[in-house]
Amino acid sequence: MQPLGVDVDRRQLAGWRNAIITAFAIGGVSLAAWGPRLPELRVELGVDVGTIGLMLGLVTIGSIGGLLSAAPLLRRLGSRRALTAVVVLVPLAISVIGVAAALHSAPLASVGFVVAGAGIGALDVMANVEGTAIEVLAGRTMLPLMHAAWSGGAALGAGIAALCAWLGITPSAQLLGQAVVILVVGVLAMRGIPDGSRAEDPDSTLTRRQRLRQWARGWADVRLLLIGVVMLGVELGEGSANNWLALAATDGHGQTAAVGALFFTAFAVSEAATRVFAGPVVDRLGRVSTIRWTTALGIVGAVLFIVGDSWWLTLIGVVLWAVGVSMGFPLGMSAAAQSGPNPAARVSVVASIGYFANFAGPPVVGAIAEHVGALSALWLVAVLFVAAFAASGSLRPVAGRD
């Protein structure tokens, strides 16, 4: 994609890059805002595990709307205004969840989860569009580092949650405080985005039916669907960790809420660190071998987390689980783009699978947890890691061998 309507010098490009890195970090912080505090949120809202799972399903519903509306909003409002609007919407939604917890109102919390899902879904797409445009102008790969900012933001958010749990600060107070900080930081940072829109205009020569057929062809491509299996496995693992790791640690392993939040922090830090330092490893081993190693470690990690009978075994499981989910999305996206003609449409198919798994996985785990418990429900993560490992060969470059 070529950036549209933008002419920046080196200093402006650095400010633009920093703004988008901040946007990715905001996405991670926001998703981590409630996940580590779910055990206490469940009590404040007066609901059971199954209801929490349904509420997380509302995040999925909202995210679908956000994913679909991101590109039209970018074209209509321009990048700076669209992203500013989203970084206002997300903390507003988080504050609604905080108020709902203080009022013990599950219906109000449900509204907050829907809106939060919409905002975070739109933010993710917009940040990737802007990041791609920055790469074109900078002439080098920068998206992996930007995705690491998302993981780093999740680590920061989880650390804040763990500290608040240890200090006895209620989830409602934490969420309201974080919402204010996210709002101020986000609005100030988005000022670094240049005017104009980087969203691709639809091909005016194609009818709506022709564009739909063009997109649908990707879903009949076996290679692309196998890449989607990799994305399904790792993204469901990440989404499940974001929402259920802390609760499984408390309900399944008898840890305190603060320790559960610390486990989630360890997960987010490990995922971020892997993404930051994995570039040379990918260059040396190739995509296929990298995914095989990381998903194999993810299998071991998920099993250790589930069956570990000591805190240190559980912690090792958390770290390996994080390594397992770290590389699937960035490597899967690049593999999809290089897997055949019309890379934008092919990336759209794979990204749809990844986003669906990340957002839809948690409520599925919640439905299972209602019957077998949160810890046992995570066997689904281990099974899908196995599927991702088995499908990893689909990431091999078309011309040549990995």
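The values are calculated or read from the model by the stated rules, or taken from the named source; none is laboratory data. Note that the coordinates shown come from a computational prediction; the quantities given were computed from them, not determined experimentally. Positions of Cβ are generated from backbone atoms using ideal geometry, with glycine treated the same way; all protein chains shown enter the neighbour counts. Keep in mind that these areas ignore ligands, DNA and RNA; they rest on the heavy atoms of the full protein, side chains included. Shrake-Rupley method; radii C 1.70, N 1.55, O 1.52, S 1.80 Å.
Just a few scattered comments:
- Taking the criterion of being open to solvent by 10 Å² or more (accessible area, probe 1.4 Å) and small (G, A, S), the residues of the stretch 72-100 that qualify are G78, A85, S95.
- Enumeration of residues in the stretch 365-378 that are crowded, with 16+ Cβ neighbours inside 10 Å and touching a residue at least 60 places away in the same chain (Cβ under 8 Å): V365, G366, A369, E370, A374, L375, A377, L378
Condition check ((1) over 16 Å from the mean Cα position of the chain (by Cα); (2) touching a residue at least 24 places away in the same chain (Cβ under 8 Å); (3) not in a helix (DSSP H, G or I)) across all residues:
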residue: L262; (1), (2), (3): yes, yes, no
residue: A266; (1), (2), (3): yes, yes, no
residue: T274; (1), (2), (3): no, yes, no
residue: S289; (1), (2), (3): yes, yes, no
residue: W293; (1), (2), (3): yes, no, no
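- A335 being in a helix (DSSP H, G or I), open to solvent by less than 30 Å² (accessible area, probe 1.4 Å), among the aliphatic types (A, V, I, L, M) and modelled with pLDDT of 85 or more: no
- Note on the stretch 1-49: residues that are in contact with a Pro (Cβ under 7 Å, 6 or more places away or on another chain) and modelled with pLDDT of 80 or more total 6.
- In the stretch 101-160, of all residues being without any contact (Cβ under 8 Å) to a residue 24 or more places away in the chain and small (G, A, S), the one that is least open to solvent (accessible area, probe 1.4 Å) corresponds to G112.
- Looking across the stretch 23-60 at every residue that is in contact with a helix residue (DSSP H, G or I) (Cβ under 6 Å, 6 or more places away or on another chain) and polar (S, T, N, Q), the one that is farthest from L145 (Cα to Cα) is identified as T60.
- Test: residue in the stretch 50-59 that is closer than 20 Å to V349 by Cα, within 18 Å of the chain's Cα centre (by Cα) and open to solvent by 40 Å² or more (accessible area, probe 1.4 Å): no
- Some residue of the stretch 350-372 being within 17 Å of T294 (Cβ to Cβ), at pLDDT 80 or above and part of a helix (DSSP H, G or I): yes
- The sole residue among A138, A85 that is among the small types (G, A, S) and within 23 Å of G157 (Cβ to Cβ) is A85.
- Inspection of the stretch 165-182 identifies no residue that is out of contact with any Cys (no Cβ under 7 Å at 6 or more places or on another chain), in a loop (DSSP other than H, G, I, E, B) and open to solvent by less than 40 Å² (accessible area, probe 1.4 Å).
- Taken as a whole, the stretch 273-295 holds at least one residue that is over 25 Å from A391 (Cβ atoms) and at pLDDT 85 or above.
- Hey, V47 among the β-branched types (V, I, T), touching a residue at least 12 places away in the same chain (Cβ under 8 Å) and assigned to a helix (DSSP H, G or I) or not: no
- Selected residue [assigned to a helix (DSSP H, G or I), over 21 Å from L163 (Cα atoms) and open to solvent by 10 Å² or more (accessible area, probe 1.4 Å)] from R42, R11: R11
- The one condition from (1) open to solvent by 30 Å² or more (accessible area, probe 1.4 Å); (2) out of contact with any Pro (no Cβ under 8 Å at 6 or more places or on another chain) that G279 does not meet is (2).
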